[in-house]
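The structure appears right after this line, and notes come after that.
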Amino acid sequence: MSRPSGRPTNQLRVIAGQWRGRRWSFPDLPGLRPTPDRVRETLFNWLAPVLPGARCLDLFAGSGALGIEALSRGAAEVIFVERHPLAARALRENLERLQAREACVEPADALDWLRQPGRPFEIAFLDPPFGEALLEPACAALEQGGWLAADSWIYLEGEAATHRPALPASWVAHRDKIAGAVAYRLLRRRTPTLFTASVPAIPKVDAPQEKGRGESCLAPRLSR
């Protein structure tokens with residue numbers, strides 16, 4: 001998202017939760033387009049019943065707007081994947097300021113990162129840069145690589161003017177809206193055994209323990 005010239009940094013604020021009102025800065029980089037406040041508020045209202053205690057993946061993290069909001073509202077942990085070194089460094093510094101021990105930043109290309117063996121998440125956020133056709137391959141990689149829990153939630157954000165990506169057959173639309181040039185929707189992954197079963201609550205996971213820098217976010221116990 002472009003910013004007026006002369007503004008040295010961009011800022012976002014946490015909408016709700018333990019860090020409500022806290023602001024953080026992020027670099028002005030091509031393709032870095034944080035989810036608007038109104039869209040974030042709508043999304044997290046949708047997720048309110050299932051977010052506390054959930055393991056979350058912020059796949060195209062950018063400024064960290066989605067993952068930080070999730071942590072503020074009670075997510076057990078969030079892995080942030082961001083390919084741009086400056087954005088990844090700023091995100092790590094912002095998480096340190098928030099003392100978010102349940103967060104981890106992976107400085108990597110999202111599609112490359114998804115090629116490793118997966119560990120399932122209850123919620124995945126996908127908000128890639130516009131114009132790069134990343135949603136469809138990312139969705140396929142999430143589904144095929146074991147990155148999603150059996151009854152997980154997937155948030156997709158993209159350009160309203162473009163065609164919708166092909167999605168895995170097990171993903172069922174739950175909510176769908178448009179805000180200006182942004183189309184966003186929440187889907188649910190339903191395995192065949194769950195289509196007629198009652199929906200269980202998302203289980204909580206143990207709080208992650210701190211590890212040293214450079215260790216993978218997918219180590220048995222996750223860290224910052």
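The values are calculated or read from the model by the stated rules, or taken from the named source; none is laboratory data. Because the structure is predicted, anything quoted here is derived from the model rather than measured. With ideal geometry, Cβ positions are generated from the backbone for all residues, glycine too; neighbour counts draw on all protein chains shown.
Where in region 136-224 are there strands (runs of 3 or more DSSP E), lying fully within it, with 3 or more residues that are in contact with a helix residue (DSSP H, G or I) (Cβ under 7 Å, 6 or more places away or on another chain), β-branched (Val, Ile, Thr) and modelled with pLDDT under 80?
Here the list is empty.
Which count do you get for residues in region 10-50 that are touching a helix residue (DSSP H, G or I) at 6+ places or on another chain (Cβ under 9 Å), modelled with pLDDT under 95 and polar (S, T, N, Q)?
Result for region 10-50: 2.
Looking at (1) under 16 Å from the mean Cα position of the chain (by Cα); (2) among the aliphatic types (A, V, I, L, M); (3) within 12 Å of LEU187 (Cβ to Cβ), which is the one condition that is false for LEU167?
Only one criterion is unmet by LEU167, namely (1).
Output yes when any residue across region 119-138 is crowded, with 17+ Cβ neighbours inside 10 Å, in contact with a Pro (Cβ under 9 Å, 6 or more places away or on another chain), in contact (Cβ under 8 Å) with a residue 60 or more places away in the chain and aromatic (Phe, Trp, Tyr), and no when none is.
The answer is no, given that none of the residues of region 119-138 is crowded, with 17+ Cβ neighbours inside 10 Å, in contact with a Pro (Cβ under 9 Å, 6 or more places away or on another chain), in contact (Cβ under 8 Å) with a residue 60 or more places away in the chain and aromatic (Phe, Trp, Tyr).
Give the residue, chosen from ALA149, ALA169, that is without any contact (Cβ under 8 Å) to a residue 12 or more places away in the chain and more than 26 Å from ASP37 (Cα to Cα).
So the residue among ALA149, ALA169 that is without any contact (Cβ under 8 Å) to a residue 12 or more places away in the chain and more than 26 Å from ASP37 (Cα to Cα) is ALA169.
So TRP147 ticks every box in (1) over 24 Å from LEU71 (Cα atoms); (2) crowded, with 19+ Cβ neighbours inside 10 Å but one. Which box is left unticked?
The one condition TRP147 does not meet is (1).
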